[in-house]
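J.: Sharing a structure below in structure tokens format, with a few things to ask.
No value in this document is a laboratory result; all are computed from the given coordinates. Note that the structure is a prediction, hence the values are computed from the model and not measured. Every residue, glycine among them, receives a Cβ derived from its backbone with ideal geometry; neighbour counts consider all protein chains shown.
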Amino acid sequence: MKFGTKAIHAGVEPDPSTGAIMTPIFQTSTFVQPSPSKHKGYAYARGANPTRNSLQKSIAALENGKFGICFSSGMGATDAVIKLLNPGDEVVTSNDLYGGSYRMFTKVYERFGIKFHFLDLTNAANLTPFINSKTRLIWLETPSNPLMRIIDIQECVRQARLHRNILVAVDNTFASPYLQNPLDMGADIVMHSVTKYLGGHSDVVMGALVMNDERLHQDLTFIMNSCGAVPGPQDSFLVLRGIKTLHLRMERHCFNGRKVAEHLRQHPKVGHVYWPGFQDHPNHAIARRQMKDFGGMLSFSLKDDKIEKATKLMESMKVFSLAESLGGVESLINHPASMTHASIPREERIKNGLTDTLIRLSVGVEDIEDLIADLDQALEQV
Ligand SMILES: *Cc1c(COP(=O)(O)O)cnc(C)c1O
């Protein structure tokens, strides 16, 4: 089945008791059992809920995976993956990472004796010296947030497979399953902040993991049920509804993203535009190979690279809203240094190229003329 058909149909069956075409919101915490421990697959809603199950099947299908597990946030999903590890284990990850992931790794899990190496993985060969007998996980994020760097997933998987027992997990939030399917490239786990493109309407916080391996599915389901970061049925319903238009939204996100990137690049007041669709983007060839298109996310700097100017621009937007998050139908503008990436120490941030003045856009699905006009009027004022 092709992507758009899966987005609308996968995981969703008419309700057997009524024929309702939409999966009902099973707003219940428990399920009646005719006899002790005899039930219809549902005992208590932390373990499983039918609305959530339907969503898990849908997300798994979109990632060409066998199993999906939903969590109450993207961080909840990431947390479950790290809980597969033991004290003394090591993780290799990239240095241009979602701020919250960096914070969880360094502030929470380093205290539990797990060691994280943050590297520039745009060259996968950089992995080699950091892999040793304690390495258990390679955690990738591509395209990266907010610098839009691209990591070669297949090459990282190839490096991992030279050793035993190393899992490769990919945070696929920026690409969405429409643009990139890491399991097809050999990754073991795909993680999504469902809050973003999958939900798509800025009304839900949720996370998901997708995998093919049955044992890994059992282990992660055990962690999900034991630790309890599960989403509710209302949110599951909203995401099931959002997913039905994922392919249509993504087409427009990609179209608008390209137009905005090209417009900004030729604007006299704009400095650098970070967008993997440009022929001269350092990782353009890999992006072309592993992604279907280049998405709606991009970052840029001003030629007059002063914080007052960047701030003035962000305050002057009328159609774009100044807010954290991304992937919704509405366009957002964000200042990574003080907003999404404030949890990364300044020296670390600057060292990795994330300046104080960088501006990030989540280009929505509005009419492109209005988005360009909005950027132009704000650039006029700086
Ligand atoms: C938002 C985001 C997360 C965290 O997800 P939440 O749903 O906010 O917990 C992780 N990774 C990336 C790339 C994100 O954009």
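J.: How would LEU240, LEU248 line up from fewest to most surrounding beta-carbon atoms within 10 angstrom?
T.: With the sparsest Cβ surroundings first, the list reads LEU248, LEU240.
J.: Counting only the backbone N, which residues of the range 292-332 are under 17 Å from the spot 7 Å out from the Cα of GLN377 toward its beta-carbon?
T.: Counting backbone N atoms under 17 Å from the label point, the list is 312-322, 331-332.
J.: Rounded to a whole number of µm²/s, how large is the Stokes-Einstein D of the range 1-70 at 10 °C and 1.306 mPa s, given Rh as the Kirkwood radius over C-alpha pairs?
T.: 119
J.: What shape does the range 33-101 have by the C-alpha gyration tensor, where a ≥ b ≥ c are the square roots of the eigenvalues, rounded means a/c under 1.5, and otherwise prolate means a/b greater than b/c and oblate the rest?
T.: Prolate.
J.: What does DSSP give for the chain in terms of the percent of beta bridges that are antiparallel, rounded to the nearest 5?
T.: Expressed as a percentage, antiparallel bridges in the chain total about 55.
J.: In deg cm²/dmol and to the nearest 500, what is the mean residue ellipticity at 222 nm of the chain if only DSSP H runs of at least 4 residues count, each as -39500 (n - 2.57), divided by the residue total?
T.: So the calculated ellipticity at 222 nm is -10000 deg cm²/dmol.
J.: Specify which residue in the list MET224, ILE307, ASN95 is farthest towards the positive end of the charge dipole of the chain, using unit charges on the beta carbon of Lys, Arg (+1) and Asp, Glu (-1), about the Cα centre.
T.: MET224
J.: Put +1 on the Cβ of each Lys and Arg and -1 on the Cβ of each Asp and Glu in the chain; which of ILE350, SER176, GLY113 then has its Cα farthest toward the positive end of the dipole?
T.: Positive-end residue among those listed: GLY113.
J.: Once you've got the Cα coordinates, tell me which of LYS66/LYS196; LYS83/LYS292; LYS309/LYS351; LYS259/LYS318; LYS38/LYS66 are over 29 Å apart.
T.: LYS83/LYS292
J.: Evaluate the distance, in nm, between pseudo-label points positioned 7 Å from the Cα of ALA323 and of LYS115 along their respective Cα→Cβ axes.
T.: 4.3
J.: Give, rounded to the nearest 20 debye, the magnitude of the charge dipole that the range 3-243 has about its Cα centre when Lys and Arg contribute +1 at Cβ and Asp and Glu contribute -1 at Cβ.
T.: 480
J.: Mind checking Rg over Rh on the chain, alpha carbons, Kirkwood formula for Rh?
T.: Rg/Rh for the chain comes to 0.98.
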